[in-house]
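Before any comments, here is the structure.
What follows is calculated from the coordinates using simple rules that are stated; it is not laboratory data. None of these values were measured; they are calculated from a predicted model. Every residue, glycine as well, gets a Cβ built from its backbone with ideal geometry; the counts of neighbours run over all protein chains shown.
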Amino acid sequence: MAEQNNRRRGAQRLDPQVKPTVKRTASATSGRKPRQAKALRYDSDNHWQTAKTAFSRLLTTPAATLMTVAVLAIALALPGVLYSGLKNVQQVAASWEGDPRIALYLDLSVDDQQADSISRMLLLRDDLAAVELISRADGLAEFRALSGFGDVLEYLDQNPIPAVITVQPHPMSNDELIELQQQLEMEDGVAEAQLDMAWVQRLNSALEVAKRVVVMLGLLLATAVLLVIGNTVRVSIESRREEILIAKLVGATDSWVRRPFLYTGAWYGFLGGLCGWGLIQLALMLIDTPVRELAGLYNNSFSLLGLGVVDTVLLISFSLLLGLVGAWVAVSRYLRAIEPQ
Amino acid sequence: MIRFDNVSKCYETGHEALSNVSFALEDGEMAFLTGHSGAGKSTLMKLIMLMERPTRGHVFVGEQNLAGLDRKQIPYHRRRIGVVFQNHQLLFDRTVFDNVTLPLMICGFSPRDAGRRARAALDKVGLLTKEKMNPIALSTGEQQRVGIARAIVHKPQVLLADEPTGNLDPQLSEEIMRLFLEFNRHGTTVLIASHDMGLIQRMRVRMLSLQQGRLAADG
């Protein structure tokens, strides 16, 4: 009972079209009140009915509908895949960006004991979070193990690898980092200090460019979606021209005529968004395995982020909105032209 | 119910379809509109339906001056009028029943209510048994009767018919005309455009005859 009351109230708010704007004579007015209340309650069901009819109309031409939906899905999936790829790269970059390091290459003349005391001195500084010393011997061992040039070392009289101290500064601005690097380079025994950050900046600028490209591509393809839906709805209007003419003659309002086409556009948008989402997930699934392998090579247990719930909802509602707008534009352009003559 | 006040209609081509037409049709009255083709019958009907606007003068339907209705109000105006066309204008992509319920759906009736009214209307024109058929499968006379059922299903105050018997043989024409007479007896104002003089004279109702856009005779 309560539900029925609610529904009636909702319908009343939704529907201004049953209000008589034209004076009626007594004969037509008699018994109108109960009929009008029924009509009002009916109207909210009518929306659902119109939506269902619009959907079954799409099914009457399955091939054409499928092709349109496929075009929409591809147009939506392309920026979608790029967007989620970008999101993943950003996620990786963010985990690196947090800790820039400075590598201090010590003079070859510095022996292990001196290197150790330098690193202890650095530990006392309060702008450094961590200090790690790689002695000349350790460095040599590492080089031998990783470079594959171990044999060459046999021909050398002495160890060519300098001791290296890697320091990790506390979080600070880029300018401060550069200042710190210069300071450290002046320290006794330090031959060279390398700030290991330039590539992070480069990566960030590259990501910024990529983001712009994705946004622009997204806008272009959204326009394409709009045009495709608009044109499809226009064709559908043309094919129902006769019906529209007759409906207008027997008193259909513009909104009554417009409604099924808006639902058609919304269905196209929804189905396109859904299939686009499917394509994006499929693409991510296909590149997931190679990405895992790649990450494994870097001793990284990185796993690909799919489209989250929020992004999925955004994608589908955005596409539905595009469908509605495309249909609205098409309907308002062509409906006026169809007037009974 | 319908009143024309010195109505003239000039088309953009310069052709004057109606000039200074004045007449009044009382509530519940029935009349024929006659004249040769091009005399202005269709234009007069279109003015009542607001498919055209008069160049000069005023048209009233049920005390409402149509000049006062803007584009948005036209649909509500048309819901008071039922129209029967010469070429019946049925939709062949749906059943007879769905053709007849169309005006009710537009007015916002519930499907059950609409169904009941549509069957009543089909019963009146004697086509209740054919409600599930496609109108393309019906004879011309039957198609015209479906068109009439659609025109009267929402109980309009005014019933207009533009050459409703144009394609029919004399016997079918009589049947159709008798239907109109019956609706008129139930209080509907009826205006029928026709050039079938023999038939009109047998019916003995008021006759408005147009000649080159002017009202030549009334009575």
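Taking trypsin sites (Lys or Arg not before Pro) across segment B:117-156, the ones in a DSSP loop with at most 16 further Cβ atoms lying within 10 angstrom of their Cβ are B:Lys132. Sum up the lysine pairs in chain B that clear both bars: alpha-carbon distance under 17 Å and a spacing of 8 or more or different chains. For chain B, the number of qualifying lysine pairs is 4. When DSSP beta bridges are limited to those with both residues in segment B:2-218, what percentage is antiparallel, rounded to the nearest 5? Given both bridge residues lie in segment B:2-218, the antiparallel proportion sits at roughly 50 percent.
Of the chymotrypsin sites (Phe, Trp or Tyr not before Pro) found in segment A:148-218, those that fall in a DSSP loop while having at most 13 other beta-carbon atoms within 10 Å are A:Phe149, A:Tyr155.
With a sphere of radius 15 Å drawn around the Cβ of A:Leu156, what net charge do the other residues whose Cβ falls strictly inside it have (Lys, Arg +1; Asp, Glu -1)? After counting each charged neighbour, the total is -1.
If one takes the longest principal axis of the Cα atoms in chain B, at what angle in degrees, from 0 to 90 and to the nearest 10, does the Cα axis of helix B:96-107 lie? The angle comes out near 60 degrees.
The mean number of partner chain beta-carbon atoms within 10 angstrom of a residue's beta-carbon across peptide B:56-65 is 1.
Among beta bridges from DSSP that stay inside the protein assembly as shown, the antiparallel ones total about 65%. Using the beta-carbon distance between B:Thr129 and B:Arg56 and R0 = 56 Å, what value does 1/(1 + (r/R0)^6) give for FRET efficiency, to the nearest 0.05? With R0 = 56 Å, the Cβ-Cβ based efficiency is 0.65.
The distance between label points at A:Leu219 and B:Gln201 comes to 7.7 nm (points 7 Å beyond Cα on the Cα→Cβ vector). Among the trypsin sites (Lys or Arg not before Pro) found in segment A:279-337, those both in a DSSP coil and sparsely packed, with 10 or fewer other Cβ atoms within 10 Å of their Cβ, are A:Arg336.
Taken one residue at a time, the phi angles of segment A:73-90 give Karplus couplings (6.51, -1.76, 1.60, θ = phi - 60°) of 4, 5, 4, 7, 6, 4, x, x, 5, 4, 4, 6, x, 4, 4, 5, 4, 4 Hz. Gly and Pro are set to x.
Distant-in-sequence amide contacts of B:Met133, defined by a placed amide H-H separation under 5 Å and a gap of 5 or more residues or a different chain, comprise B:Val96, B:Phe97. Backbone amide hydrogens, once placed in the peptide plane, bring A:Leu108 within less than 5 Å of nothing, excluding anything fewer than 5 places away on its chain. State the Cα centre-to-centre distance between segment B:106-149 and segment A:155-201 in whole Å. Spelled out, the Cα-based centre of one part sits 91 Å from the other.
The ranking of B:His77, A:His170 from fewest to most other beta carbons within 10 Å of each one's beta carbon is A:His170, B:His77. Across peptide B:109-117, the mean count of Cβ atoms from other chains lying within 10 Å of each residue's own Cβ comes to 3.
Over all other residues within a Cβ to Cβ distance under 15 Å of A:Leu304, the charged ones net out to -1, with Lys and Arg as +1 and Asp and Glu as -1. What the phi angles of segment B:122-129 give under the Karplus curve with 6.51, -1.76 and 1.60, with θ = phi - 60°, is a coupling list of 5, 5, 4, 8, x, 10, 4, 6 Hz, glycine and proline written as x.
Subtracting the Cα-Cα distance of B:His186 and B:Asp93 from 0.36 nm times their residue separation leaves 30.2 nm of extension gain. Rounded to the nearest 0.05, the FRET efficiency derived from the C-beta distance between B:Gln64 and B:Arg214 at R0 = 22 Å is 0.30. Relative contact order of segment B:2-218: 31 percent, from C-alpha pairs under 8 Å at least 6 residues apart in sequence.
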